[in-house]
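Read the figures in this text as sums done on the coordinates, not as results from a lab. The shown structure was predicted, so the numbers you read here are calculated from the model rather than taken from an experiment. Virtual Cβ from ideal backbone geometry, glycine too; neighbours counted across all protein chains shown.
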Amino acid sequence: MALLTGEPLDLGALVAEVVGPHRGAVATFLGLVRDHHEGRSVLRLEYSAYPDMAEAEATAILGEASDRWPVELAARHRTGVLEVGEAAVAVAAAGAHRGEAFEACRYVIEELKRRVPIWKREYYADGSVGWVEPRS
Amino acid sequence: MSENASIRILAFARYAELLGADRFELSLPNPPTVQGALNDVRQLPGGEHLPTRVLMALNARQAQLSDPVSAGDELALLPPMAGG
C-alpha cells in the first residue's frame, strides 16, 4: 500500500496488514501533532509531500528493513491539515520475536524522517505561520 | 546549432514560496547538469534567496549536482525534510 494518504490514520488497520500466524510480536510507532515546538504554542500542522519521491523512498526504506530483519512492515503518512493530537505517521513491524520487531520499527521511522520528502507548516497560537526546519 | 533541453522544475514548501511557483519549465543548453539547472533557477525572481546548498531530486530520486539532465527530466528543489 502507498505511504501517503489524506485520510485519518488507522493503527489497527495498519497492524492487520503485518500480522501473521507465525509472527508473535508487533511493534508500532505513532507520530502525533504536538501542541508546542521550540517554545511556541502550536494549533495545527499542514503536511505536504513530493508524492513520487516519497513513495519511492518509502518503498526503498521498507525494503532495506525487511532485508535486514525477518519482518513484515507497513508505514503510512498523512498529508493535509492535522489538529493537535492527530496522528501524522504510523509504522507497524511484525516478526516472530520482539527483538526484530522493535529494531525494524525504529529503523523505519528514523529513515522516514530522514529521507522522505515531506514538509510541515506550523500554525502558531499567535496567528503566525512557519515552515518547520529540522535541526541538522 | 546547439539544442535546448526542456526540463520540468518542481519547488516545494519554502522554496515554492520564494520562487512564486511550485512547478515550471526550464530550457537549458545541452548537455546540462543538475548544477547548471540550479544555477538558472537562482537567476529567477526570488531565486537569490535560495540557500547556498539546495537538496535536489532528479526524476524523484536524490541527485548529485554533477548528474546530467536530459530533455523531459523532472528536477525538484527540496527544502530540508520535516516529515514524521
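Side notes on the structure shown:
- Highest average packing first - B:61-71, A:87-97, Cβ atoms within 10 Å: A:87-97, B:61-71
- For the stretch A:59-136, the set of trypsin sites (Lys or Arg not before Pro) satisfying both a DSSP loop assignment and a count of at most 13 other C-beta atoms within 10 Å is given as A:Arg135.
- Model label zone, B:Ser6; criterion: amide N under 14 Å from point 7 Å along Cα-to-beta-carbon; scope the stretch B:51-83: B:71-74
- Taking the fewest neighbouring Cβ atoms within 10 Å as the starting point, the ordered list for A:Thr5, A:Thr79 is A:Thr5, A:Thr79.
- Mean partner shielding of peptide A:49-55, defined as the number of other chain Cβ atoms within 10 Å of each residue Cβ, is 5.
- In a reduced charge model with +1 at each Lys and Arg Cβ and -1 at each Asp and Glu Cβ, the stretch A:1-123 shows a dipole moment near 260 debye about its Cα centre.
- Chain A, relative contact order [Cα under 8 Å, separation at least 6], %: 37 percent
- Averaged over the residues of A:30-42, the number of partner chain Cβ atoms lying within 10 Å of the residue Cβ comes to 0.
- Peptide B:47-57 has a mean of 1 when you count, residue by residue, the C-beta atoms of other protein chains within 10 Å of its C-beta.
- Neighbour net charge for B:Thr33 - beta-carbon separation under 13 angstrom, K R +1, D E -1: -3
- Evaluated over the Cα positions of the protein assembly as shown, the convex hull gives a direction-averaged projected area, one quarter of its surface, of 13.7 nm².
- Estimated from helices alone, the mean residue ellipticity of the protein assembly as shown at 222 nm is -8500 deg cm²/dmol (sum of -39500 (n - 2.57) over DSSP H runs with n ≥ 4, per residue).
- In order along the stretch A:113-127, the phi-based Karplus estimate (6.51 cos²θ - 1.76 cosθ + 1.60, θ = phi - 60°) of 3J(HN,Hα) comes to 5, 7, 10, 8, x, 9, 10, 10, 10, 9, 9, 8, 5, 7, x Hz; Gly and Pro are listed as x.
- Size of the stretch A:42-128 as Cα extents on the principal axes (Å, biggest first): 48, 27, 15
- C-alpha center-to-center spacing [the stretch A:72-136, the stretch A:1-65] in angstrom: 5 Å
- For chain B, the gyration tensor built on C-alpha atoms gives a prolate shape. Its axis ratio a/c (a ≥ b ≥ c) is at least 1.5, and a/b is the larger of a/b and b/c.
- Mean separation of Cα pairs under 8 Å and 6 or more residues apart, divided by the residue count, gives chain B a relative contact order of 39 percent.
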